[in-house]
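**Q** What follows is a single structure, and I will ask about it in a moment.
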Amino acid sequence: MREKQRARTALLRDSIAKGDVFGKDQPIILVLLDIPPMLPVLDGVVMELQDCALPLLREVIPTDKVEVDFKDLDAAILVDSMPRKEGMERKDLLKANVAIFKTQGAAWRS
């Protein structure tokens with residue numbers, strides 16, 4: 001779990017918030033979506049990003065609500081999925097992840 005969080009933070013910090021993805025002059029507001037039990041972890045990500053004092057980063061909003069995450073969105077980068085649990089078959093994992101991304105896609109479309 002910790003490695004996954006480090007990778008997510010590195011992507012946000014080293015690529016998106018530094019201007020490598022949307023341009024060096026494009027201000028960024030990050031809205032980070034996760035499940036409710038992970039919100040305290042997202043708070044740590046928010047603090048780390050704020051500590052970096054990235055000049056393009058205007059705001060970081062942690063949420064567990066897709067309607068907040070996808071409201072007035074210009075771009076989405078979906079980087080997470082459900083981890084495979086012990087005894088879980090690949091088809092079960094794919095089914096769970098399809099449900100996650102389908103919900104997010106529907107929220108973005110509306």
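The values are calculated or read from the model by the stated rules, or taken from the named source; none is laboratory data. Only a predicted model underlies this, so the values are computations on that prediction, with no experimental measurement involved. Because the Cβ atoms are built from the backbone with ideal geometry, glycine has one as well, and the counts that use them run over all protein chains shown. Ligands, DNA and RNA are excluded from the accessible area calculation, which covers all protein heavy atoms including side chains. Shrake-Rupley method; radii C 1.70, N 1.55, O 1.52, S 1.80 Å.
**Q** Considering only region 45-92, state which residues are of a type in the set (Lys, Arg) and assigned to a loop (DSSP other than H, G, I, E, B).
**A** Once the filter is applied, which keeps residues that are of a type in the set (Lys, Arg) and assigned to a loop (DSSP other than H, G, I, E, B), region 45-92 yields 65, 71, 84, 85.
**Q** To continue, here is another question. Exactly one condition in (1) within 19 Å of residue 105 (Cα to Cα); (2) in contact with a helix residue (DSSP H, G or I) (Cβ under 7 Å, 6 or more places away or on another chain) is not met by residue 68; state its number.
**A** So the condition that residue 68 fails would be (2).
**Q** Further, regarding this structure: Determine the pairs where a residue that is open to solvent by 100 Å² or more (accessible area, probe 1.4 Å), located within region 72-97, has a partner that is assigned to a loop (DSSP other than H, G, I, E, B) with Cβ atoms under 8 Å apart, the partner being 6 or more residues away or on another chain.
**A** Here the result reads 90/84, each pair linking region 72-97 to a residue that is assigned to a loop (DSSP other than H, G, I, E, B).
**Q** Please count how many residues of region 39-60 are over 11 Å from the mean Cα position of the chain (by Cα) and touching a residue at least 24 places away in the same chain (Cβ under 8 Å).
**A** Residues flagged as over 11 Å from the mean Cα position of the chain (by Cα) and touching a residue at least 24 places away in the same chain (Cβ under 8 Å) within region 39-60 amount to 11.
**Q** Here is a further query. For region 11-32, how many residues are under 21 Å from residue 100 (Cα atoms), open to solvent by 40 Å² or more (accessible area, probe 1.4 Å) and in contact with a helix residue (DSSP H, G or I) (Cβ under 6 Å, 6 or more places away or on another chain)?
**A** Residues that pass the stated criteria total 1.
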